[in-house]
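Undergrad: Below you'll find the structure I mean.
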Amino acid sequence: MSDNDKRVPDHFNPLFNAGQIAERVQALGQTIAPWVNNVTKSTGKPPLALCILRGGVFFYADLLRAIPASLEIAFCRCQSYSITENVQTNDIRCDFVSTEISNRHILLVDDICDTAKTLNFMLRKCLDENALEVRTAVALLRERDPTPFTPDWQCFSFKGDDWIAGYGMEDKNNWANAPEIYTLG
């Protein structure tokens with residue numbers, strides 16, 4: 001399929017293109033690798049890379065392939081907004097998918113750190129489940145003043161209140177599969 005066959009709506013404004021994303025993900029994988037290697041060497045087992053579904057899946061797959069070290073793969077379903085209306089709620093639900101968190105070093109991976117509700121919730125939940133350490137990586141950090149949460153690693157940061165879509169982030173259940181990151185105007 002050519003780029004013209006998968007054209008996004010006209011109100012999508014490019015923020016980061018696929019080449020920029022690939023370059024930053026590769027660099028981030030190299031940055032995270034020493035931590036992965038240190039954990040593996042000191043504990044005898046690799047960290048558990050925990051993907052927050054659905055949004056984090058594209059970044060997660062790319063990032064794990066960019067880390068030149070072994071990680072154990074795991075998933076959790078976490079929802080902090082209404083899928084049909086894209087409205088933030090105070091109710092965060094999480095379901096670990098057959099994952100043992102206790103006594104593990106966790107790499108928590110998500111698409112975006114926006115209000116930080118999801119990452120703060122997941123960090124606390126992992127620690128409540130007796131994780132030894134939790135590190136966080138996101139594709140995009142929305143900069144706020146003050147910043148409610150700073151991930152350990154991020155590919156990009158963005159200032160502004162625009163809605164973001166693409167590369168896992170969706171617009172009313174659409175365009176999460178777009179290979180670039182867009183603001184919606």
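The values are calculated or read from the model by the stated rules, or taken from the named source; none is laboratory data. Only a predicted model underlies this, so the values are computations on that prediction, with no experimental measurement involved. Neighbour counts run over all protein chains shown; Cβ positions are idealised from the backbone, glycine included.
Undergrad: Here is a list: THR43, THR31. Which entry is among the hydroxyl-bearing types (Ser, Thr, Tyr) and more than 21 Å from the chain's Cα centre (by Cα)? Steps first, answer last, please.
TA: Numbers: THR31 fails: more than 21 Å from the chain's Cα centre (by Cα).
Being among the hydroxyl-bearing types (Ser, Thr, Tyr) and more than 21 Å from the chain's Cα centre (by Cα) holds for just one of THR43, THR31, which is THR43.
Undergrad: Among the residues of the stretch 97-115, which ones are crowded, with 20+ Cβ neighbours inside 10 Å and among the hydrophobic types (A, V, I, L, M, F, W, C)? Write out each step before concluding.
TA: Let us first name the residues in the stretch 97-115 that are crowded, with 20+ Cβ neighbours inside 10 Å, namely 101, 104-114.
ILE101, ILE106, LEU107, LEU108, VAL109, ILE112, CYS113, listed by residue number.
Undergrad: Report yes if THR118 is farther than 18 Å from VAL8 by Cβ, modelled with pLDDT under 90 and buried (at least 19 other Cβ atoms within 10 Å of the Cβ), otherwise no. Give the derivation first.
TA: On the way: farther than 18 Å from VAL8 by Cβ: yes; modelled with pLDDT under 90: yes; buried (at least 19 other Cβ atoms within 10 Å of the Cβ): yes.
Yes; evaluated as a whole, the condition is true for this residue.
Undergrad: Scan the stretch 127-173 for residues that are surrounded by fewer than 13 Cβ atoms within 10 Å (Cβ to Cβ), assigned to a loop (DSSP other than H, G, I, E, B) and acidic (Asp, Glu) and jot them down.
TA: Passing the criteria: ASP145, ASP161.
Undergrad: Another question, if that's okay. Would you confirm whether or not the stretch 133-142 contains a residue that is at pLDDT 95 or above, out of contact with any Phe, Trp or Tyr (no Cβ under 8 Å at 6 or more places or on another chain) and not polar (S, T, N, Q)?
TA: The answer is yes, given that some residue of the stretch 133-142 is at pLDDT 95 or above, out of contact with any Phe, Trp or Tyr (no Cβ under 8 Å at 6 or more places or on another chain) and not polar (S, T, N, Q).
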